[in-house]
1. Before anything else, pin down the relative contact order of region 6-92: Cα pairs under 8 Å, at least 6 apart, normalised by residue count, whole percent.
2. Mind ranking 72-78, 16-22 by how tightly packed they are, going by the mean number of other C-beta atoms within 10 angstrom, highest first?
3. Taking the Cβ-Cβ separation of S76 and V99 as r and a Förster radius of 30 Å, what is the calculated FRET efficiency to the nearest 0.05?
4. Going by average Cβ density within 10 Å per residue, which order do the peptides 47-54, 59-66 take, highest to lowest?
5. Given S57, T20, Y38, which one lies farthest toward the positive end of the charge dipole of region 6-92, if we put +1 on the Cβ of every Lys and Arg and -1 on the Cβ of every Asp and Glu?
6. Over region 20-106, what portion of Cα pair distances is larger than 21 Å, expressed as a whole percent?
7. Excluding A88 itself, calculate the net charge of residues whose Cβ lies under 13 Å from the Cβ of A88, where each Lys or Arg counts +1 and each Asp or Glu counts -1.
Amino acid sequence: MAGTDYRSGSDGELPQIVKTQDVLGGDPRIEGHRIGVYHVYQRYVEGDDTPEEIATSYDISVAAVHAALAYAFSNSDEMRDIEARNRAIYEETAENRVVHDDTDQL
C-alpha cells in the first residue's frame, strides 16, 4: 500500500524502525524482523531486561534494541495505544481460552 509505510532514519546503516500494514498490523517494528517496538519496550520496562538480554533473546543487535527503545520513548502515546489495544484483545478472548485444571493431578 503506497503511502502507508513509515521508515525512521535515512542512512540505512543504523537499525531502522518501520511500519507496514501487512506486518504486525502496522505497528512499529525493527526492520527485517517481526519484532515489534512494543515487545522490546515491554520487556525493558516491565520485565526489567537489559538491552543486551533482549538482544540475545531475539537474536538482534543491541543497536536494534536501542533503536526500538528510542522510538518507544519518543512515541509514548502510540505505545499506550498499542498496550490498550492488546489488553482489549486479551480480555475479549479470555472466555475462549482453555485452562487446564491441575487440581486432579494432586
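1. Computed over region 6-92, the figure is 22 percent.
2. Result, highest mean first: 16-22, 72-78.
3. 0.35
4. Per-residue mean Cβ counts within 10 Å order the peptides as 59-66, 47-54.
5. Towards the positive end, the residue furthest out is T20.
6. Here the tail beyond 21 Å accounts for 41 percent of pairs.
7. Once all neighbours under 13 Å are counted, the net charge is -1.
Quick note: the coordinates plus some simple rules give every number you see, no bench work behind them. All of these numbers come straight from a predicted model, not from anything done at the bench. Every residue, glycine among them, receives a Cβ derived from its backbone with ideal geometry; neighbour counts consider all protein chains shown.
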